[in-house]
Structures are given as C-alpha cells and as structure tokens.
Amino acid sequence: MNFEFSPSLPAGTRLIALVADKDGLPDGIEAPLAEGARSARFKGRAGELFEGFVERGGTVVRVALAGAGEPGAEGRTANLEKAGAALAARYLTSGESTLALDLSGSGLRAQDVAAVLLGLRLRAWRHDAYRTRLKDEQKRSLEKIVVVGAAEGSEAAWSVESALADGVEFTRELVTEPPNKVYPVSFVEKCQAAFADTGAELIVLDEDEMGRLGMGALLGVGQGSAQPSRLLAIRWNGGGDEAPTVFVGKGVTFDTGGISLKPGAGMEDMKWDMGGAGAVVGGMLAIARRKAKANVVGVVGLVENMPDGNAIRPGDILTSMSGQTIEVLNTDAEGRLVLCDALHWAQKEFSPRRIVDFATLTGAMVISLGSEHAGVFANDDSLAEDLLAAGRTSGDKLWRMPLDPAYDKLIDSQIADMKNVGPRPAGSITAAQFLQRFIDKGVAWAHCDVAGMVWADKPGATWDKGATGYGARLIDRFVRSTLEG
C-alpha cells in the first residue's frame, strides 16, 4: 500500500475519510453528513465508523468518519490506530483504489497522524499468495492512501512507524506461510533478502558448525527431519561500543511433536510454532529499517520436528552446548531444547547486557492467560518492568509469571542433569526454570511465552484472522524505551 502526503485533496477524489473524536464531529462537515451521523448514533468511539454521501463541486463523494475516542484519554495512540484500522477493514475490498485521509483542522500531532496510518496499514495486511479463485468483491482494491492537511513532521514520523510496519508484516508473513515454503533454510533465505539493504550483519551456522560447537540439544530436535537445521543471528550496531541487548527466538518451523506425536486434529496450526523466531526477526527488521541508535542482536534457532526413524526418542539423553545433559521424556517439549543451545551460544558470542527470549513454548500458557497476554518470566525485576511497560505501550501485552527454585525439583532427573519436561502442573513455570539453567550468572534474562498470541481465530484491533505479528512491536518499543531513550 502506498502512502502519499499532499497539501490538498487530489482532483476527482471519490472516497474521503475524517477522524472524529468522541462526542464530537469534525468542523465544517456538511449538514446531511452530520445529521446522518447523529441519526446513526455515531459517538466517535475508538474504531467506530460511519459513512455517508455528500455533494461537493457537483460530484457525489463518499465520506467516512472514523472514531478515535477521547482526545486526552489513556491509550490515545491505540485508539488512533483503531481509527485507521477501521478504515482499512471497511474499504480494503470496497472497489475503491484510493482513500484520501483529510486531517485539515483535526488538531492531530505528527505522532497521532503516524498512529492512524500505522493502524490502517497493519489492518490492511493480507496474505493472498495462494488464493487463486477470489471473487472480484473479495479482492483487495485499496492501494493508495493520500494524507491531506497533516501536521508538520507527520511524514517524518510516519517513516519511523512505516519501518515498524515492515517488521510486523514480515513476522506475519513468516508465521502465515505453509511449512513446505518456510523451513529452516528458506527462513534464513527470506531474512537474507529482507535485510539485504539495511546494513545489518547476518551470521548463519549450518549443522556441521553447530555440531562442532556441541549443540546437541538443538540438533537433536531436528535430526528426524529431512530439512537441515540452522542457527541465524542478525546483528545491528547503531549505538556505539556498549554491550548489545540480545533477543532469542524459538524457530520450530513445523512441530509434529516428533515421536511423541501430536493428535492429528489441529496439527496444521503448528506451522506457527516458529512465532517466537518470527517476532525476533520482525523486530530486528523494524530496528534496522529505522536505523535505531542501539546495539541489538537477534538470534533464532531453526528446526523442524519430525517423527523419522532417526528422530530422538523418549528416554534419550542429549548433551547441550553448555555441557549440561538432558533426559528427553517427551519429544514434543522440543522448543526448550532449541532455545537452551541458542541462549548459551548467544551469551558466549555477544556477551549481552540483557537477553530476552520469545517462544510459543507451552500450551499451559494458553490455559493460564488465553490470548490476552503473553507470559513473562524474569530473573531481574528491572528488566521485567521494562518489558511490561513496552507491552502496555505497544499493545503486545505481557503478564509476569513466577520463577522459584522450588520448582526445580520437578525437572531434576535421576540419570541426567535435568528432564526436558516436568509433570502437568506448573508446565509453563517448569519450562522457564529449564531455560534459566542455561543463563550465565549475572546476566539479566527474561523469557516470553507467547503461545497464545501469535495466531488469532478472530480479527483484533489491527489484524485480521490469522497471524497477529505479536512480538515485533514489543521488541521495537523495548529498544526505543530502554536503549534509545
């Protein structure tokens, strides 16, 4: 979708949108439009939409009012995004190719304008690459947004948020693509193409290199697949000489459960078991595209978990890169095996000031928090608070969960250093306790279990059904707030 800024409405404009605050209508709108809005009980609530037709210069034009809520209310930015999203949802397949967003006299600041446009662009994202029989009325028609009368600085503000949209859309694309299109090697190739012009450095480890490093846990997960595993690191140096902040993502591009095979019903959803890796690379793309003044690294472990004759079995013992041994009781508890080697390698390679991992790790987290919050576990209160604050601001919400040594006994093994799974109770917590055993002493670490957040069965504020892009905005906001000030 193209975005253009203009001082005046283009000639021949047929579709015009205005932003309306709660309990108020934009100044200067025609009486029939105002009366129609009042008759329809349009209140300007966030995301509310009203449209009417008026005559201007001898031409009948379509005018939409998008509600943005109360001007001074908490969550104003999110409400402005909802206004933009409502326009996208209504007009994406309307048959109109251009929408003019008239902000003349709206009083919206540059950042407010960027928020409206961000909501519009994110809600307009669709993945139609494999849909060959769409009817005309189902096809996307809206291609251009012309922004009229925006405040000074709006175009610069939008360039920053547009980079964020690039990252969110990249996350959604990776999560949405089928597993025969996105597997470890192709995931890396897509990243190499996306980051080609950003100035970021990409490091790729193949199975031989990981084997020499002793990554027996990660390689164990992937050894039952015909698709070779990979480790990918994306390094962005924009902040001087300080130690980097590192984000690590679980990238299981398809998860059958391995020998501990999942039930067939719903297994197709397991293409998004790489949602943590998708979040990390999407966040990194946003950071690189907007040239963030920070040192940030994204690391993703990429595997496919399949039940081949060469696959790991329940009862096997794996040796991780850290030297710690793991008794595998359930091959479907594979994400932590991928992450433990990726976390250890990232600490040894980059000596981070802080390290945060993202993973669709446990079904228990979905039972605990549903699809409203991801869970965050942290060994450092300051890091936890910074992540929670970034979640509130970005809309990628988090809820803090406990870490406690009392849970460690649940994953102690009689024949190895630990088991890869504990009993059913506290399943998300024991998974976090497992990961904590691979964090070096003195390193601030947080684990985000995003299992309920990367895919949606119904439309949300700025997404349609399907991939939400969760995590990319959280990472970008965390970097803005804590590293760039």
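The values are calculated or read from the model by the stated rules, or taken from the named source; none is laboratory data. All values reported here derive from a predicted model rather than from experimental measurement. In this analysis, Cβ positions are derived from the backbone assuming ideal geometry, glycine residues included, and neighbour counts consider all displayed protein chains. Just the protein is used for accessible areas: all its heavy atoms, side chains included, with ligands, DNA and RNA removed. Shrake-Rupley method; radii C 1.70, N 1.55, O 1.52, S 1.80 Å.
Tally up the carbon and sulfur contribution to the accessible surface of the stretch 112-244 as a whole percent, 1.4 Å probe, everything protein left in place. Working shown, then result.
On the way: 2440 of 5630 Å².
After summing per-atom areas, the C and S share lands at 43 percent.
Out of residues 5 or more away from Phe358 or on other chains, whose amide H comes under 5 Å of its own, with H placed 1.01 Å from N in the peptide plane?
The answer is Val248, Gly249, Lys250, Cys448.
Highest mean first, what order results for 113-125, 376-388 on Cβ atoms within 10 Å? If you can, show how the numbers build up before the last one.
Details: 113-125: 26.3, 376-388: 18.3.
Listed from highest to lowest mean packing, they are 113-125, 376-388.
From the cross-link list Lys190/Lys271; Lys293/Lys458; Lys135/Lys465; Lys82/Lys135, which pairs have alpha carbons spaced over 26 Å apart? Intermediate values should be presented prior to the final figure.
Working: Lys190/Lys271 16 Å; Lys293/Lys458 36 Å; Lys135/Lys465 19 Å; Lys82/Lys135 28 Å.
Distance filter (> 26 Å) returns Lys293/Lys458; Lys82/Lys135.
For Leu261 and Asp316 in the same chain, what is the full-extension length gain: residue separation times 0.36 nm, less their Cα-Cα distance, in nm? Can you show the working numbers first?
Values: separation 55, 0.36 × 55 = 19.80 nm, distance 1.59 nm.
My answer for the length gained is 18.2 nm.
Kindly give Rg over Rh for the stretch 115-236, based on alpha-carbon atoms, with the Kirkwood expression for the hydrodynamic radius.
Working: Rg = 19.4 Å, Rh = 17.9 Å.
Here the Rg-to-Rh quotient is 1.09.
With Cβ to Cβ distances under 9 Å as the rule, what net charge do the other residues near Asp332 carry (K, R +1; D, E -1)? Could you put the intermediate results ahead of the total?
Working: positive: Lys262; negative: Asp255, Glu334.
Overall, the nearby charge balance is -1.
Arranged from highest to lowest average of other beta-carbon atoms within 10 Å per residue, in what order do the peptides 391-401, 453-463 appear? Before the final figure, lay out the partial values.
On the way: 391-401: 19.5, 453-463: 17.9.
The densest-packed peptide leads the list: 391-401, 453-463.
Can you compute 3J(HN,Hα) from phi for each residue in the stretch 471-485, using the Karplus curve 6.51 cos²θ - 1.76 cosθ + 1.60 with θ = phi - 60°, rounded to whole Hz and x for Gly and Pro?
Those phi angles translate into x, 5, 5, 4, 5, 4, 5, 4, 5, 4, 7, 9, 10, 9, x Hz.
What whole-number distance in Å separates the alpha-carbon centres of the stretch 397-472 and the stretch 78-126?
What the calculation gives is 35 Å, centre to centre.
Taking just the C-alpha trace of the stretch 14-134, give me its Rg and Dmax in Å.
14.7, 46
Expressed in nm to one decimal, what extension gain is obtained for the pair Asp412 and Ala196 from 0.36 nm per residue of sequence separation less their Cα-Cα distance? Mind showing how you got there, number by number?
On the way: separation 216, 0.36 × 216 = 77.76 nm, distance 4.44 nm.
Net length gain for the segment: 73.3 nm.
Before I look further, what does the stretch 273-396 give for accessible area per residue, probe 1.4 Å, in whole square angstrom? Can you show the working numbers first?
Numbers: 3810 Å² over 124 residues.
Ligands and nucleic acids excluded, the figure is 31 Å² per residue.
Taking the stretch 70-142, which GluC sites (Glu not before Pro) meet the DSSP loop condition and have no more than 13 other C-beta atoms within 10 Å? Don't jump to the answer; show the numbers that get you there.
On the way: sites: Glu74, Glu81, Glu96, Glu137; in loops: Glu74, Glu96.
Hits after loop and neighbour filter: Glu74.
Using a basic spin-label model with each label point 7 Å from the Cα along Cα→Cβ, how many nm lie between Ser141 and Phe53?
1.3
Have a look at the DSSP beta bridges in the chain and tell me what percent are antiparallel, nearest 5.
Antiparallel bridges: around 40 percent, rounded to the nearest 5.
With angles folded into 0 to 90 degrees, how steeply does helix 76-91 sit against the dominant principal axis of the chain? Use alpha carbons for both and round to 10.
70
For the stretch 1-100, which whole-number percentage of the solvent-accessible area (1.4 Å probe, protein heavy atoms only) is attributable to carbon and sulfur atoms?
Carbon-and-sulfur percentage of accessible area, whole number: 46.
Can you tell me the 0 to 90 degree angle between the C-alpha axis of helix 335-350 and the longest principal axis of the chain, rounded to 10?
90
In whole Å, what are the extents of the stretch 346-406 along the principal axes defined by its C-alpha atoms, from largest to smallest?
35, 31, 21
Please report Rg (one decimal) and Dmax (integer) in Å for the Cα set of the chain.
Reported Rg and Dmax, both Å: 24.0, 84.
If I stretch the segment between Ala73 and Ser159 completely, what's the gain in nm (0.36 nm per residue apart, minus their alpha carbon distance), one decimal? List each step's numbers first, then the result.
Numbers: separation 86, 0.36 × 86 = 30.96 nm, distance 2.55 nm.
Taking Ala73 through Ser159 to full extension adds about 28.4 nm, to one decimal.
Can you say what percent of the DSSP beta bridges in the stretch 1-154, counting only those with both residues inside, are antiparallel? Round to 5. Walk me through the numbers on the way to the answer.
Working: 8 of 26 bridges.
Roughly 30 percent of the beta bridges in the stretch 1-154 run antiparallel, per DSSP.
Compute the relative contact order of the chain as a whole-number percentage, counting only Cα pairs closer than 8 Å that sit 6 or more residues apart in sequence.
On the way: 1143 pairs, mean separation 71.2, N = 485.
Over the chain, the number comes to 15 percent.
May I ask you to order 312-324, 464-476 by the average number of other C-beta atoms within 10 Å around their residues, highest value first? It would help to have the intermediate numbers written out before the result.
Values: 312-324: 17.3, 464-476: 26.8.
The densest-packed peptide leads the list: 464-476, 312-324.
For the stretch 195-321, what is the Kirkwood estimate of the hydrodynamic radius, computed as the reciprocal of the mean inverse distance between distinct Cα atoms, to one decimal in Å?
Numbers: mean 1/r = 0.0633 Å⁻¹.
Result for the stretch 195-321, one decimal place: 15.8 Å.
Over the stretch 18-96, what is the percentage of antiparallel beta bridges among all DSSP beta bridges, to the nearest 5? Please report the intermediate quantities before stating the final value.
Working: 8 of 11 bridges.
About 75 percent, rounded to the nearest 5.
Classify the stretch 1-77 as rounded, prolate or oblate, taking a ≥ b ≥ c as the square roots of the eigenvalues of its Cα gyration tensor: rounded when a/c is under 1.5, otherwise prolate if a/b is larger than b/c and oblate if not. List each step's numbers first, then the result.
Working: a/c = 2.32, a/b = 1.28, b/c = 1.81.
Oblate, since a/c reaches 1.5 and b/c is not below a/b.
To the nearest 0.05, what FRET efficiency results for Ala34 and Arg131 with a Förster distance of 35 Å applied to their C-beta separation?
Numbers: r = 40 Å, r/R0 = 1.14.
That gives a FRET efficiency of 0.30.
Seen from all sides and averaged, what is the projected area of the convex hull of the Cα atoms in the stretch 234-290, in nm²?
On the way: hull surface 20.6 nm².
Result: 5.2 nm².
Apply the Karplus parameterisation 6.51 cos²θ - 1.76 cosθ + 1.60, with θ equal to phi minus 60°, to every residue of the stretch 270-276 and state each ³J(HN,Hα) to the nearest whole Hz, in sequence, with x for glycine and proline.
Computed from phi, the couplings for the stretch 270-276 are 6, 5, 9, 6, 9, x, x Hz.
In degrees between 0 and 90, to the nearest 10, how far off the longest principal axis of the chain does helix 184-194 point, with axes built from Cα atoms?
So the inclination is approximately 40 degrees.
When the scattering of the stretch 296-449 is computed by the Debye formula from its Cα atoms alone, each counted once and equally, what is log10 I(q)/I(0) at q = 0.10 Å⁻¹?
Rounded to two decimals, the profile gives -0.35.
For the stretch 359-485, what class follows from the C-alpha gyration tensor (a ≥ b ≥ c being the square roots of its eigenvalues): rounded when a/c is under 1.5, otherwise prolate if a/b is larger than b/c, else oblate? The partial results should precede the final answer.
Details: a/c = 2.65, a/b = 1.40, b/c = 1.89.
Verdict is oblate for the stretch 359-485.
Output ³J(HN,Hα) for the stretch 21-26: one whole-Hz value per residue in order, computed from phi by the Karplus curve 6.51 cos²θ - 1.76 cosθ + 1.60 with θ = phi - 60°, and x for Gly and Pro.
7, 4, 6, x, 10, x
How long are the semi-axes of the equivalent ellipsoid of the stretch 431-485, defined as square roots of 5 times the Cα gyration tensor eigenvalues? Whole Å, largest first. Spell out each step's value before the answer.
Values: eigenvalues 153, 67, 5 Å².
For the stretch 431-485, the semi-axes come out at 28, 18, 5 Å.
Give the carbon-plus-sulfur fraction of the accessible surface of the stretch 345-466 in %, rounded to a whole number; probe 1.4 Å, heavy atoms of protein chains only.
On the way: 2690 of 5450 Å².
Here carbon and sulfur together make up 49 percent of the probe-accessible area.
Specify, per residue and in Å³, the volume enclosed by the convex hull of the alpha carbon atoms belonging to the stretch 77-156. Please report the intermediate quantities before stating the final value.
On the way: hull volume 6.9 nm³, N = 80.
So the per-residue hull volume is 87 Å³.
How far is the Cα center of the stretch 58-76 from the Cα center of the stretch 181-212, in Å?
Each part reduced to its Cα centre gives a spacing of 43 Å.
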